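Written below as structure tokens is the structure these notes are about.
The values are calculated or read from the model by the stated rules, or taken from the named source; none is laboratory data. The structure displayed is predicted, hence computed values, not measured ones. Here the Cβ positions follow ideal geometry from the backbone for every residue, glycine too, while neighbour counts run over all protein chains shown. The protein model used for the area step is the full one, side chains on, heavy atoms only, and it has no ligands, DNA or RNA in it. Shrake-Rupley method; radii C 1.70, N 1.55, O 1.52, S 1.80 Å.
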Amino acid sequence: MAADYATLKAGGFMRQKQKDMFSMRLRVVGGTVTAQQLKAIAEAAEKFGHSYVHLTSRQGVEIPFIRLEEIDEVKDFLAASDVQPGVCGPRVRTVTACQGGRCCPSGCIDALEIAEELDRRYFGRQLPHKFKFGVTGCQNNCLKAEENDLGVKGGMVIDWNREECIFCGVCEKACRRGAISITDGEIRVAPDQCNHCGRCVTACPTGAWKGSEGFLVSFGGTFGNDIQKGREILPVIRDRETLLRVADAAIDYFADNAQPGERFAKTLERLGWESFTEKMLNAYSG
Amino acid sequence: MAEFRITDTVDITDVVCPVTFVKAKVALEELEEGEILSIHMNDGEPVQNVPRSIKEEGHRVLKLIHNDDGTYDLIVQKTEA
Ligand code: HEM
Ligand code: SF4
Ligand code: SF4
Ligand code: SF4
């Protein structure tokens, strides 16, 4: 019987150069794998593979050297410990994330929670070509948001309260963008210099700066054969509902307009950014 | 600065991050609760980061003074957690 390689690939089994051997890709969300899952993965690698795993460049885990005839068995074995196969081919791939505000002192958003939401909504969705989401918790950009077709970067929307300010001058220097100026009892922020990093909020000794969660979204990033940096074309997004509305509109645009085998960056280049930007602004405004 | 009764001063312009913070922290440990330390630091990384680290340790930052020579004095009141 001839193996259906396309179906296997869609289901996360990538044909190796060695005959009838497959590298099994696992579903990982936001780079988080539980201890229980790790144990099952280790056991599966020993039992069905060559006793090692490969960590991919996008937080994926693969078990190489799975034999064609054992594919169903290894799937069942892993499913018992809540480990699902991943995907390959023209669809939404692993959603990546840094640890974000759960653990990191710089984190402005709960990156993992956002990644889980995006994964629930889009993972595996069939599209004209692969589509990658990545979520990074702040401007430090450890997760490199702009290398994804759709990147989300956490930020803070800041607000200053005069009553709590002691005019110590710390925020003016903590801001690396030179956006804050303090003159005689007044603090001003230059809006086009502020990148929503939230450093003023974390540095302020009195809590005079308040920050609420914000999202900076970039579109059309790709870092393979061709390298393009995703572009931020929208103002900071202030709530998750809007974030998801924008993500829906972007992925629908890709589904409707991309040619088969064309990455998002190429589609945007071919059709021009203007009409796409207009659509995104509409989604942004609701 | 007459408005603060400074108990001690520490110069961290001779070290780089992260030792800047370590040196300031050690100086704060010498003080009693409520006493005030003036930390002399350079522009750039130290002034961007040390005030925040001091705050995260639970001390009270009172003032950041800009000196004419491009250095800064951070006035901190020791506060026990
Ligand atoms: C290559 C040499 C060294 C490195 C890279 C180093 C690095 C560090 C780091 C990263 C910390 C933690 C700072 C924090 O609390 O976040 C620290 C703390 C400290 N280090 Fe070092 N250190 C070095 C040598 C030394 C030496 C030689 C001494 C003393 C003679 C020293 C005394 C201290 C003290 C007193 C603390 C503060 C402990 C505390 O209260 O947390 N260090 N050091
Ligand atoms: S991007 Fe920001 S929140 Fe995420 S790990 Fe890096 S510093 Fe922390
Ligand atoms: S850091 Fe906070 S207290 Fe100090 S000047 Fe800025 S807003 Fe005011
Ligand atoms: S959020 Fe960042 S860039 Fe904006 S004013 Fe605060 S420190 Fe400056």
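Every listed requirement among (1) more than 10 Å from chain A (Cβ to nearest Cβ); (2) part of a loop (DSSP other than H, G, I, E, B); (3) surrounded by fewer than 16 Cβ atoms within 10 Å (Cβ to Cβ) is met by B:VAL15 save one, (3). Of (1) charged (D, E, K, R); (2) farther than 23 Å from A:ASP159 by Cα; (3) modelled with pLDDT of 95 or more, A:ASP226 satisfies all except one. Which? For A:ASP226, the exception is condition (3).
Residue-by-condition table, conditions (1) in contact (Cβ under 8 Å) with a residue 12 or more places away in the chain; (2) within 16 Å of ligand 4 (Cβ to nearest atom); (3) over 20 Å from A:SER181 (Cα atoms):
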| site | (1), (2), (3) |
| --- | --- |
| B:THR9 | yes, no, yes |
| B:ASP14 | no, no, yes |
| B:VAL19 | no, no, yes |
| B:GLU45 | yes, yes, no |
| B:ASN49 | yes, yes, no |
| B:LEU62 | yes, no, no |
| B:ILE65 | yes, no, no |
| B:GLY70 | yes, no, no |
| B:GLN77 | yes, no, yes |
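Among the residues of the range A:108-128, are any without any contact (Cβ under 8 Å) to a residue 24 or more places away in the chain, assigned to a helix (DSSP H, G or I) and either in the same structural domain as A:LEU234 (by TED's automatic domain parsing) or of a type outside the set (Ser, Thr, Tyr) (or both)? Yes; the residues of the range A:108-128 include at least one that is without any contact (Cβ under 8 Å) to a residue 24 or more places away in the chain, assigned to a helix (DSSP H, G or I) and either in the same structural domain as A:LEU234 (by TED's automatic domain parsing) or of a type outside the set (Ser, Thr, Tyr) (or both). Which of the residues belonging to the range A:1-42 are modelled with pLDDT of 95 or more and touching a Gly at 6+ places or on another chain (Cβ under 7 Å)? Passing the criteria: A:MET24, A:ARG25, A:LEU26, A:ARG27, A:VAL28. In the range B:55-73, the qualifying residues are those that are more than 8 Å from chain A (Cβ to nearest Cβ) and not hydroxyl-bearing (Ser, Thr, Tyr), and the one that is nearest to the chain's Cα centre (by Cα) is B:ASP73.
Taking helices (runs of 4 or more DSSP H) that do not extend beyond the range A:151-267, which have at least 3 residues that are open to solvent by less than 30 Å² (accessible area, probe 1.4 Å) and within 14 Å of chain B (Cβ to nearest Cβ)?
Working: elements: A:170-174, A:199-203, A:240-257.
Here the list reads A:170-174, A:199-203.
Only residues that are more than 16 Å from ligand 1 (Cβ to nearest atom) and either within 22 Å of A:ILE109 (Cα to Cα) or within 32 Å of the chain's Cα centre (by Cα) (or both) were counted across the range A:165-208, and they come to 29. Take B:LEU31 and decide whether it is surrounded by 18 or more Cβ atoms within 10 Å (Cβ to Cβ) and more than 10 Å from chain A (Cβ to nearest Cβ). Answer is no for this residue.
Counting the residues of the range A:119-150 that are more than 30 Å from B:ASN42 (Cα to Cα) and within 14 Å of chain B (Cβ to nearest Cβ) gives 0. Contact map, the range A:149-164: residues that are assigned by TED's automatic domain parsing to the domain that holds A:THR242 paired with residues that are in a loop (DSSP other than H, G, I, E, B) and acidic (Asp, Glu), Cβ distance under 9 Å, separation 6+ or inter-chain. Pairs shown: A:GLY154/A:ASP110.
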